[in-house]
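The values are calculated or read from the model by the stated rules, or taken from the named source; none is laboratory data. Bear in mind the structure is a predicted one, so any value in this text is a computation, not a measurement. A quick note on method: Cβ atoms are made from the backbone with ideal geometry, for glycine too, and the neighbour counts reach across all protein chains shown. When the accessible area is computed, the model is the full protein with side chains, heavy atoms only, and any ligands, DNA or RNA have been set aside. Shrake-Rupley method; radii C 1.70, N 1.55, O 1.52, S 1.80 Å.
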Amino acid sequence: MRNLRLVGLLAALGVALAACGGSAPPGTTGQEGDQQGGTIKIGSIHPLTGPLAFDGQQMAKAGKFAAERINAQGGIKSLDGAKLQVLDADSKGEPEVGQSEAQRLIQEGAAALVGPYQSAVASNVAAVAERNRVPFLIDVAVADSILEQGYTNTFRIQPNASSMGTKGADYLAELAEASGTPIRSVAVLHEQTDFGKSVLAAFKARAEGSGMKVGPEISYDAVNVSDLTTEITQVKAEGVDALVVTGYYRDGVLAAKAISSVRPDVKVVFGIANGAFDLPQFTSDAGKAGEGFFDANYHFNARDPEMRKLAADFKAKYGEDIRTSSVLAYEAVRVIASGLEKAGTRDPQQLREAISGLSLDTLMAYPGPISFDKTGQNTSATPIVMQVQGGTVRQVFPKEFAEAEPRFPAPPAR
Amino acid sequence: MTRRAPLSLAARLAVAAAVVAVVLVLAYARSGSGIVVSQAVLTGLLLGGVYGLVAMGLTLIFGVLDIVNFAHGALMTVAMYGTVLLASHAGLDPYLTLLVTAPALFGIGMALQSGLINRTMGSSLANQLLLTLGIGLLIENVLLLSFGSEPRSVAVGYAAPLRAFGAVADLTRVIAFLGALGLAALLYLLLQRTRVGTAIRAVAANPDGAQLVGIDVRRMYVLTFALGTACAGAAGTLVAPFVTVEATTGELFNIIAFVVVVLGGMGNVVGALVGGLLIGLTEQLGGVLLPEQSPLLAVFVVFVLVLFLRPQGLFGRSS
């Protein structure tokens with residue numbers, strides 16, 4: 001009994017300790033003030049440690065890389081060639097830490113913020129940005145609710161959850177129609193937080209509208225799931241035409257492995273906003289199990305020569321294949337740079353004005369340039385469809401972004 | 001408590017069997033498919049074996065040293081990276097790397113206990129807690145620094161799924177399950193049948209008394225911590241083929257492992273295995289029964305019930 005109480009106490013202490021971490025790394029503070037020329041600071045907040053470090057670290061690199069490229073081309077010309085300086089901050093994947101780091105970066109003189117990869121962190125950082133009247137560019141964070149607070153300083157470059165779900169349903173219906181393979185019933189496997197639920201809700205509304213039967217809906221905890229075999233068996237027992245999967249990387253690989261061993265009789269496995277199915281390393285981690293999987297997700301435009309050059313340069317410098325989340329971080333810094341160029345001042349409120357009226361060509365596979373509506377959402381943000389073909393992720397739909405023909409139906413590999 | 005155990009054992013087993021039967025019937029009614037239920041049971045057992053495997057080292061250390069080892073998950077990750085490196089660079093079979101990782105982790109455990117933790121023994125328990133928490137954070141971030149954030153995986157050439165009663169199981173998971181059973185048996189024999197094991201149990205029961213009869217208590221602490229860490233190493237290697245290896249992968253198992261340790265009765269190795277199986281089954285069947293809820297909901301309901309009915313754990317008897 002004594003031991004029990006002790007464990008409880010210790011566990012509580014551990015949680016408390018974990019919660020109050022997050023001190024500033026020293027030596028990031030620059031001294032120069034507001035003189036023209038000099039440097040302009042941009043605060044970059046991403047999960048650099050913890051379970052999401054994999055994406056967070058590359059996104060931080062991509063933001064820095066954008067600043068270097070802009071500086072090499074002469075910096076911000078309307079500000080006498082002022083150079084961009086990206087200050088890194090580690091959110092550790094926790095909203096409170098992200099919030100305090102945002103505050104710190106603003107105090108250190110950041111003219112704008114970029115980040116943060118997670119919706120929960122984005123909500124907190126957006127509130128800080130609003131209070132301090134500093135523009136905040138969301139590279140990756142999907143929840144609709146972030147921009148529904150009436151904020152005027154927050155902008156998002158990627159599509160939101162409901163447009164991903166809605167477009168996902170449209171694409172699935174269009175692909176089925178084009179290939180003459182009817183999809184009448186769809187099972188959904190999704191991670192259980194806001195992200196998975198809101199994508200599912202939008203998907204379900206649109207899919208049922210176009211005559212598909214949606215169910216069963218199976219949720220799992222992405223943080224500590226270590227096997228999805230039972231869930232996939234439930235899908236198999238239901239005998240549906242298609243399986244839609246929404247989640248992150250690790251659970252996406254688990255789903256692929258479970259699908260290959262359970263072998264449900266589905267005509268297609270269709271990811272929507274899936275954090276695994278369209279990444280290059282998924283094809284090696286999941287191996288043959290992932291062959292033929294679709295993913296409706298935001299993606300960089302692999303057909304754009306400028307994008308290909310960025311990918312090659314990035315690989316030459318860091319030795320890594322750049323991923324879409326990092327291209328979004330890169331784009332966020334570019335948006336701030338062209339906002340500064342247009343504003344001709346580093347005053348955050350005038351920068352905000354400039355960004356909100358911007359129209360900027362993008363490396364993303366969007367049908368138009370980046371420009372923001374009243375809420376701060378990029379109006380051109382749209383997902384496209386990728387498919388794993390022969391161990392490589394290819395853009396397959398819609399036609400204007402297709403690198404290869406979609407292979408539909410694509411039952412899971414035997 | 002031990003005296004009335006034989007009497008209540010049959011009754012307890014009967015209650016347990018009745019609960020299991022009710023849950024199975026409900027799961028069948030809910031899913032309408034026997035295959036789903038048998039898959040849930042099979043997956044639950046295999047997963048439970050893994051949970052038990054991770055919890056064994058933790059419970060051993062807790063039972064003897066009274067330390068809640070927050071570094072356990074991180075140490076497990078060290079073994080995973082060992083397996084990844086040896087398998088991909090030296091071309092060893094992943095399971096063969098057990099011969100390297102378990103002894104290596106045994107050594108690391110010895111060094112940690114004799115170099116760091118032994119200095120805090122006898123002082124406030126918060127000291128040891130903070131120390132292991134710090135060691136865990138340190139290990140995790142050193143791994144992140146040296147191996148980067150890219151997830152890695154271990155390929156096993158012969159990973160064909162096995163089939164039984166319409167349910168499937170990956171061979172790698174079956175091997176991990178068998179490994180858990182083997183390790184539990186080994187630890188049990190070691191603790192019950194050897195002189196060292198007897199000494200360890202003596203230290204656990206009464207450190208002062210053990211010292212009086214001539215047992216080197218500090219050495220036993222070092223040995224036990226090293227054994228517990230070696231268990232973490234074995235667990236890391238055995239799960240490596242079916243998880244994505246990142247610096248934080250071991251942490252994923254830690255929370256469940258703490259639950260399993262308390263559930264099984266702290267310090268009880270066999271209890272950890274049984275507790276693990278119970279949690280695995282609960283999670284899977286709970287997921288079938290309440291498909292819209294987190295699978296962990298059922299786990300924590302069972303956990304709270306057990307704490308309420310048997311605060312000392314299922315096999316509670318502080319060892």
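In the stretch A:224-236, the residues that are under 11 Å from A:A256 (Cα atoms) and facing another protein chain (nearest Cβ under 7 Å) reach residues that are charged (D, E, K, R) and open to solvent by 10 Å² or more (accessible area, probe 1.4 Å) with C-beta atoms within less than 8 angstrom, at least six apart or across chains, in these pairs: A:D227/B:R173; A:T229/B:D170.
If you scan the stretch A:168-211, which residues turn out to be over 29 Å from B:G287 (Cα atoms) and of a type outside the set (A, V, I, L, M, F, W, C)?
Hits for the stretch A:168-211 are A:D170, A:Y171, A:E174, A:E177, A:S179, A:G180, A:T181, A:P182, A:S210.
A residue that is touching a residue at least 60 places away in the same chain (Cβ under 8 Å) and open to solvent by less than 10 Å² (accessible area, probe 1.4 Å) occurs somewhere in the stretch A:300-316. Scanning the stretch B:161-178 for residues that are at the interface with chain A (Cβ under 10 Å from one of its Cβ atoms), in contact (Cβ under 8 Å) with a residue 12 or more places away in the chain, assigned to a strand (DSSP E or B) and open to solvent by 20 Å² or more (accessible area, probe 1.4 Å) returns B:L162, B:D170. For the stretch A:341-360, the set of residues classified as touching a helix residue (DSSP H, G or I) at 6+ places or on another chain (Cβ under 9 Å), part of a loop (DSSP other than H, G, I, E, B) and either open to solvent by 40 Å² or more (accessible area, probe 1.4 Å) or aromatic (F, W, Y) (or both) consists of A:G357 only. List the pairs whose first member sits in the stretch A:202-214 and is farther than 17 Å from A:E177 by Cα, whose second member is open to solvent by 70 Å² or more (accessible area, probe 1.4 Å), and whose Cβ atoms are under 7 Å apart, counting only residues at least 6 apart or on separate chains? Close Cβ pairs (under 7 Å, with a partner that is open to solvent by 70 Å² or more (accessible area, probe 1.4 Å)) amount to A:V214/A:E208. Of the residues A:V188, A:V244, the single one that is assigned to a strand (DSSP E or B), crowded, with 24+ Cβ neighbours inside 10 Å and away from chain B (no Cβ under 14 Å) is A:V244. Of the residues making up the stretch B:110-130, just one is β-branched (V, I, T) and either within 21 Å of the chain's Cα centre (by Cα) or more than 10 Å from B:F225 (Cβ to Cβ) (or both), namely B:T120. Taken as a whole, the condition of being touching a helix residue (DSSP H, G or I) at 6+ places or on another chain (Cβ under 7 Å) and either over 24 Å from B:A202 (Cα atoms) or open to solvent by 10 Å² or more (accessible area, probe 1.4 Å) (or both) does not apply to B:T229.
B:M110: open to solvent by less than 20 Å² (accessible area, probe 1.4 Å) and of a type in the set (A, V, I, L, M), yes or no?
No.
Here's the yes/no breakdown for (1) surrounded by 24 or more Cβ atoms within 10 Å (Cβ to Cβ); (2) closer than 23 Å to A:E217 by Cβ:
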| position | (1), (2) |
| --- | --- |
| A:G239 | no, yes |
| A:Y248 | no, yes |
| A:A255 | yes, yes |
| A:S260 | no, yes |
| A:P280 | no, no |
| A:G287 | no, no |
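Picking from residues in the stretch B:239-264 that are surrounded by fewer than 24 Cβ atoms within 10 Å (Cβ to Cβ) and without any contact (Cβ under 8 Å) to a residue 60 or more places away in the chain, the one that is farthest from the other protein chains (Cβ to nearest Cβ) is B:V259. When the stretch A:289-298 is filtered for residues that are within 19 Å of A:Y366 (Cβ to Cβ) and either among the polar types (S, T, N, Q) or surrounded by fewer than 22 Cβ atoms within 10 Å (Cβ to Cβ) (or both), only A:N297 remains. Can you tell me which residues in the stretch A:127-162 are surrounded by fewer than 24 Cβ atoms within 10 Å (Cβ to Cβ) and hydroxyl-bearing (S, T, Y)? If the condition is that a residue be surrounded by fewer than 24 Cβ atoms within 10 Å (Cβ to Cβ) and hydroxyl-bearing (S, T, Y), then A:S145, A:Y151, A:T152, A:S162 are the ones that fit.
The combined condition, being open to solvent by 20 Å² or more (accessible area, probe 1.4 Å) and of a type in the set (A, V, I, L, M), is not fulfilled by A:A329.
Among the residues that make up the stretch A:369-380, is at least one of them closer than 30 Å to A:P412 by Cβ and either outside any helix (DSSP H, G or I) or within 14 Å of chain B (Cβ to nearest Cβ) (or both)? Checked the stretch A:369-380: no residue is closer than 30 Å to A:P412 by Cβ and either outside any helix (DSSP H, G or I) or within 14 Å of chain B (Cβ to nearest Cβ) (or both).
Filter the stretch B:266-298 down to the residues that are under 17 Å from B:A204 (Cβ atoms) and crowded, with 24+ Cβ neighbours inside 10 Å, then identify the one that is nearest to the other protein chains (Cβ to nearest Cβ).
That would be B:M266.
If I filter the stretch A:253-276 for residues that are of a type in the set (G, A, S), more than 14 Å from chain B (Cβ to nearest Cβ) and part of a loop (DSSP other than H, G, I, E, B), do I get at least one hit? Yes, the stretch A:253-276 has at least one match.
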